[in-house]
1. Quickly run through the range 382-403 and pick out the residues that are in a helix (DSSP H, G or I) and surrounded by 15 or more Cβ atoms within 10 Å (Cβ to Cβ).
2. Taking only the range 281-338 into account, find how many residues are farther than 18 Å from residue 269 by Cβ and among the β-branched types (Val, Ile, Thr).
3. Free of Cβ contacts under 8 Å to residues at least 12 places away in the same chain and under 16 Å from residue 390 (Cβ atoms): which single residue out of 272, 288 fits that description?
4. For the range 287-305, which residues satisfy the criterion of being touching a Leu at 6+ places or on another chain (Cβ under 9 Å), under 12 Å from residue 316 (Cβ atoms) and either of a type in the set (Ser, Thr, Tyr) or not in a loop (DSSP other than H, G, I, E, B) (or both)?
5. Could you please find all residues in the range 79-98 being in contact with a helix residue (DSSP H, G or I) (Cβ under 6 Å, 6 or more places away or on another chain) and among the hydroxyl-bearing types (Ser, Thr, Tyr)?
6. With respect to the numbered conditions (1) farther than 23 Å from residue 394 by Cβ; (2) in contact with a helix residue (DSSP H, G or I) (Cβ under 6 Å, 6 or more places away or on another chain); (3) of a type in the set (Ser, Thr, Tyr), which one is the sole condition not fulfilled by residue 289?
7. Go through the range 304-320 and give me each residue that's free of Cβ contacts under 8 Å to residues at least 40 places away in the same chain and under 24 Å from residue 262 (Cα atoms).
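What follows draws every value from the coordinates through simple rules; no lab data is involved. As the structure is a computational prediction, the values presented were derived from the model and not from experiment. Positions of Cβ are generated from backbone atoms using ideal geometry, with glycine treated the same way; all protein chains shown enter the neighbour counts.
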Amino acid sequence: MSPGHEIDYGALIDGSIKDFQPVKRLWSTGARLVCWMLLEAAILIVAVWLQGDDNLRVLFHNSGQLVAAGLFISASIAAAFIALKSAIPGRELSWPQLAIAIAVVAAAFGFELAGAPSNEIREAAPTSMQQLLGLAALPWLSLFLAVRRGVPLQPEATGAAVGLAAFCFAFALCQIISQPILPSSGIGLVLSCAALIALSALAGRFWLNWIAHWQQEGVAAEVSTSKWAAFNAGTAFPLALGASIVALLFVLSPGQHIARVPDFDLAIEGYEQALVDFRSNVPSTSMETMLTAYVERGMPAYMWDFGPEGFTLVGGRWNPLPDGTPVTYTWFRGTKGGVMCIFRQTDAFNPPLLAHYERHHLLFYRYRGFSLCLINVGGYGNFISVIAAPMPLKQFENLVLAATL
């Protein structure tokens, strides 16, 4: 930041008066903030449209994640307001304002960690920086250009506030399209985000520092300034805007953000194969005979009956994995699809670190266009069950609960 006594305002006026020309009136801070908030709302709508509303249902069932998303959005709006206000000379960013924004971000992470199981806090991997950059690029560019319409006297601090606003919004968006952001790998995620915000501050130093450019003197300085302005207005902005939109749509596209879950893949592959050709290799004339065959092969006598909900038992298969792990596949067929239920022996119950919610000790997920229910089958040794069906999460939840309760 350049102290006020080092700025020769008389020299600034003398050096820049020749460049004065009519310009469009600068919108008020509130009006520009509302426009940026409308952009945030539009991105959220696009995210829900591309991802479906099942992720919102998962979010609303997780109070910690929901509060964290709200706090991240609040922090992004507060930081955006600070950045826009600091573009007006005399209304520079203050340390108390920055401290409040950082405190809200810390509270958001606190709520998220408080609502997560201890094993998730210990084992979760850091969020992909590529994903975070893709979500933050368009909000950052839009806010940066809005701030650039003013004259920040603290370009580095203003650039940092722009970066904080954009990345807080990206964190909030991650709550909707992906698993919660859990900084469990030490301080790696915090340091990475701090580095990205520092880059935003560096961008502010180069492209928000109008005072430094106006203080340049001589013909060479004028030519340099002209090229700098033309490059940003005529070339960099359209290219950056297009790239940020492409990056955003790529990250929001279904399937880009989900880590692979072998047990879920196994159930989905079993479902897809059953649609083509399902052949029982155990007696399956009734639920009782099928369960007897499963028990004889060391599997639990535990199964859901979806018959009352309009699904017919087609049959069951006992098909161990290549490493010898016992697995059963039970296929129920309905008029508009089916339900696949697998049982697998496991060493320990470790739920995947994806967004989910719990009902009656059943964990519900959305994954690869399927609704899935994960159950730890107690009293029969170490077994898990995965129920899979390509139907909306609400309908799937009602189906599973009706067969369970």
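1. Selection gives 393, 396, 397, 399, 400, 403.
2. So the answer is 7.
3. Answer to the check: 272.
4. 287, 290
5. Selection gives 86 alone.
6. (2)
7. 315, 316, 317, 318, 319, 320
Residue-by-condition table, conditions (1) part of a loop (DSSP other than H, G, I, E, B); (2) among the polar types (S, T, N, Q); (3) under 19 Å from residue 312 (Cα atoms):
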position: 332; (1), (2), (3): no, no, yes
position: 338; (1), (2), (3): no, no, yes
position: 344; (1), (2), (3): no, no, no
position: 349; (1), (2), (3): yes, no, no
position: 354; (1), (2), (3): yes, no, no
